[in-house]
Amino acid sequence: MDLKHRKSKELIERDGKVYPKLGRIAYFPISVKRSYGAIIEDLDGNKYIDMLSSASSLNTGHCHPRIVEAMKKQLDNYISYTPVYSYSEPLIELGEELCGITPGDFEKKVIYGLTGSDANDGMIKLARAYTGRKKIISFIGAYHGSTYGALSLTALSLNMRRKIGPFLPEIEHIRYPNCYRCAFKCDKSTCSLECLEDFKTALSTYIPAEEVAAIVMEPIAGDAGLIVPPAKYMKAIYKLCKENGILFVSEEVQQGMGRTGKWFGIEHFNIIPDIVIIGKSLASGAPLSAIAARSEIMDALQPPAHLFTMSGNALSCTAAIETINIIRDEDLLNKADKLGRIARNRFEEMKNKFEIIGEIRGLGLSIGVDLVTDRITKEGNRDAAAKICYRCWEKGIIMIFLADGVLRVQPPLVISEAELNRALDIIEESIKEYLDGIIPDEVLKVAIGW
């Protein structure tokens with residue numbers, strides 16, 4: 001596909017004069033003029049199949065007609081009046097919906113923000129206030145956001161640490177269970193949850209359990225490379241939390257709202273979290289985040305401990321309510337599961353053809369394709385991932401890579417089977433072209449990634 005990018009490149013030149021590089025991760029020069037369903041059109045009229053969903057924030061797709069109509073209707077009434085000083089029907093209705101779809105048959109309350117980052121910050125406040133403890137445990141490789149609390153929980157990139165400390169105190173990080181690259185050299189047949197024993201050692205030597213307020217965990221470690229933890233680990237660490245009065249927090253910003261084939265990723269493990277953190281796809285592109293937690297946890301703080309002028313604004317809440325309705329009405333949970341199986345099966349077929357693919361993993365339409373230099377050493381192949389993603393962009397696919405060479409496959413849940421198969425064809429073509437040595441090294445100057 002011969003794609004032209006003159007207008008896009010002109011826009012990018014203008015962008016460089018006003019927008020700092022710290023706010024963007026470079027993969028390819030994509031601009032957006034309009035979008036719909038699973039399709040993006042750039043300023044030059046080129047069309048792309050979106051396999052990224054705007055960083056997993058558009059599960060219902062681009063500009064879903066029902067979302068657009070609901071927002072237009074709300075605009076005719078009012079955009080927002082701060083919930084700090086008023087009451088709003090959309091805010092309350094959304095809270096009722098979220099209390100119903102989040103795991104746990106107990107009384108809950110919901111507080112809002114504008115991004116997953118501020119929801120993580122709010123979780124820290126609530127966990128400390130409710131338990132009277134100070135320590136929060138996160139995971140190495142976790143991404144929780146860019147506000148200071150969320151940044152303190154994050155352990156993914158040195159550029160999120162350099163020059164900007166000190167960070168919040170009493171934040172500890174432990175290993176995320178990664179069966180493909182087990183830090184203890186175990187495989188599934190020999191695993192005795194050594195990674196959990198490592199955590200238990202920490203609790204018995206330098207992290208007093210009685211000082212730990214919460215463990216915050218992604219049900220799939222998204223930006224670490226879409227790592228799916230083993231079910232027995234999840235059950236064991238949850239049990240450990242309950243035995244020690246530690247709150248278990250499921251951070252669902254990337255994996256929630258149907259992405260994995262269930263409303264929330266943690267449901268795959270039959271775990272009932274004390275707190276659920278929601279963002280990204282909650283309002284189908286409108287800025288909104290939420291914390292859903294047991295009522296007694298929410299009641300641990302008094303105003304104005306966690307509020308924002310625009311949080312829970314009527315426009316975003318209206319979009320979120322319609323998002324939930326669409327996921328139900330269009331059966332997107334089952335669709336994510338079905339299309340996810342199709343995609344993973346297709347990638348397994350590619351794995352049988354191409355030694356460069358080390359592992360396929362994921363749940364629903366949250367899939368990681370781990371590229372390696374060698375299947376024995378399992379060394380990540382970052383350059384291959386960069387070149388393949390760039391070639392996919394040239395051929396009309398939006399896809400990025402994470403970690404040391406993991407293709408991030410997270411299309412909108414509304415993508416058609418035909419669009420998905422076309423995208424998979426292009427990915428396979430691009431892998432083959434990489435292996436044939438016809439993607440130039442020059443693209444590595446552009447496709448830099450995290």
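When Ile388, Ile357, Ile400 are screened for being over 18 Å from Ile227 (Cβ atoms) and either without any contact (Cβ under 8 Å) to a residue 12 or more places away in the chain or hydrophobic (A, V, I, L, M, F, W, C) (or both), only Ile388 passes. Quick one: is Ser284 assigned by TED's automatic domain parsing to the domain that holds Asn77, closer than 19 Å to Gln255 by Cβ, among the polar types (S, T, N, Q) and in contact (Cβ under 8 Å) with a residue 40 or more places away in the chain? Here the answer is yes, as Ser284 does meet what is asked. For the residues Pro90, Pro65, the requirement of being within 30 Å of Arg34 (Cα to Cα) and free of Cβ contacts under 8 Å to residues at least 60 places away in the same chain singles out Pro65. If you filter the range 323-334 down to residues that are surrounded by 15 or more Cβ atoms within 10 Å (Cβ to Cβ) and in contact with a helix residue (DSSP H, G or I) (Cβ under 9 Å, 6 or more places away or on another chain), you find that the one that is nearest to Ala286 (Cα to Cα) is Thr323.
From the list Ile400, Ile388, Ile415, the one residue that fits, being under 16 Å from the mean Cα position of the chain (by Cα), under 19 Å from Lys47 (Cα atoms) and buried (at least 19 other Cβ atoms within 10 Å of the Cβ), is Ile400.
Candidates in the range 212-243 are the residues that are under 11 Å from the mean Cα position of the chain (by Cα) and surrounded by fewer than 24 Cβ atoms within 10 Å (Cβ to Cβ); of these, the one that is nearest to Ser189 (Cα to Cα) is Ala224.
Considering (1) part of a loop (DSSP other than H, G, I, E, B); (2) surrounded by 18 or more Cβ atoms within 10 Å (Cβ to Cβ), say which one Ala293 fails and leave the rest. So the condition that Ala293 fails would be (1).
The requirement of being closer than 28 Å to Ser31 by Cα and surrounded by 23 or more Cβ atoms within 10 Å (Cβ to Cβ) is not satisfied by Val446. Only helices (runs of 4 or more DSSP H) whose full extent lies in the range 88-177 are considered here, and none of them has at least 1 residues that are surrounded by 19 or more Cβ atoms within 10 Å (Cβ to Cβ) and at pLDDT below 95. Within the bounds of the range 349-372, is there any residue that is surrounded by fewer than 21 Cβ atoms within 10 Å (Cβ to Cβ), outside the structural domain of Cys186 (by TED's automatic domain parsing), modelled with pLDDT under 95 and not aliphatic (A, V, I, L, M)? Checking the range 349-372: not a single residue is surrounded by fewer than 21 Cβ atoms within 10 Å (Cβ to Cβ), outside the structural domain of Cys186 (by TED's automatic domain parsing), modelled with pLDDT under 95 and not aliphatic (A, V, I, L, M). Beta carbons closer than 6 Å, at least 6 apart along the sequence or on distinct chains, pair a first residue in the range 264-276 that is crowded, with 24+ Cβ neighbours inside 10 Å with a second that is part of a helix (DSSP H, G or I) and among the hydrophobic types (A, V, I, L, M, F, W, C) for Pro273/Ile266; Ile275/Met123. If you go through the range 231-247 one residue at a time, do you hit one that is at pLDDT below 95, in the same structural domain as Tyr81 (by TED's automatic domain parsing), outside any helix (DSSP H, G or I) and not β-branched (Val, Ile, Thr)? No. Every test in (1) touching a strand residue (DSSP E or B) at 6+ places or on another chain (Cβ under 9 Å); (2) under 21 Å from Ile140 (Cβ atoms) is passed by Gly245 save one, and that test is (2). Taking the condition of being closer than 18 Å to Leu226 by Cα and either out of contact with any strand residue (DSSP E or B) (no Cβ under 8 Å at 6 or more places or on another chain) or free of Cβ contacts under 8 Å to residues at least 24 places away in the same chain (or both), how many residues in the range 116-154 meet it? Residues flagged as closer than 18 Å to Leu226 by Cα and either out of contact with any strand residue (DSSP E or B) (no Cβ under 8 Å at 6 or more places or on another chain) or free of Cβ contacts under 8 Å to residues at least 24 places away in the same chain (or both) within the range 116-154 amount to 3.
Filtering the range 211-243 to residues that are within 22 Å of Ile297 (Cα to Cα) and in contact (Cβ under 8 Å) with a residue 40 or more places away in the chain leaves Glu211, Val212, Ala213, Ala214, Ile215, Val216, Met217, Glu218, Pro219, Ile237, Leu240. The number of residues in the range 404-417 being modelled with pLDDT under 95 and hydrophobic (A, V, I, L, M, F, W, C) comes to 0. When the range 296-338 is filtered for residues that are in contact with a Pro (Cβ under 8 Å, 6 or more places away or on another chain), assigned to a loop (DSSP other than H, G, I, E, B) and of a type in the set (A, V, I, L, M, F, W, C), the ones remaining, listed by number, are Leu307, Met310. Among the residues making up the range 200-210, a single one is surrounded by 14 or more Cβ atoms within 10 Å (Cβ to Cβ) and either in a strand (DSSP E or B) or touching a residue at least 60 places away in the same chain (Cβ under 8 Å) (or both): Ile207. Output yes when any residue across the range 51-65 is part of a helix (DSSP H, G or I), at pLDDT 95 or above and more than 30 Å from Ile388 (Cα to Cα), and no when none is. Taking every residue of the range 51-65 in turn, at least one turns out to be part of a helix (DSSP H, G or I), at pLDDT 95 or above and more than 30 Å from Ile388 (Cα to Cα).
The values are calculated or read from the model by the stated rules, or taken from the named source; none is laboratory data. Computed from a prediction, not measured in an experiment: that's the story for all the values here. Cβ: placed from backbone, ideal geometry, glycine included. Neighbour counts: every protein chain shown.
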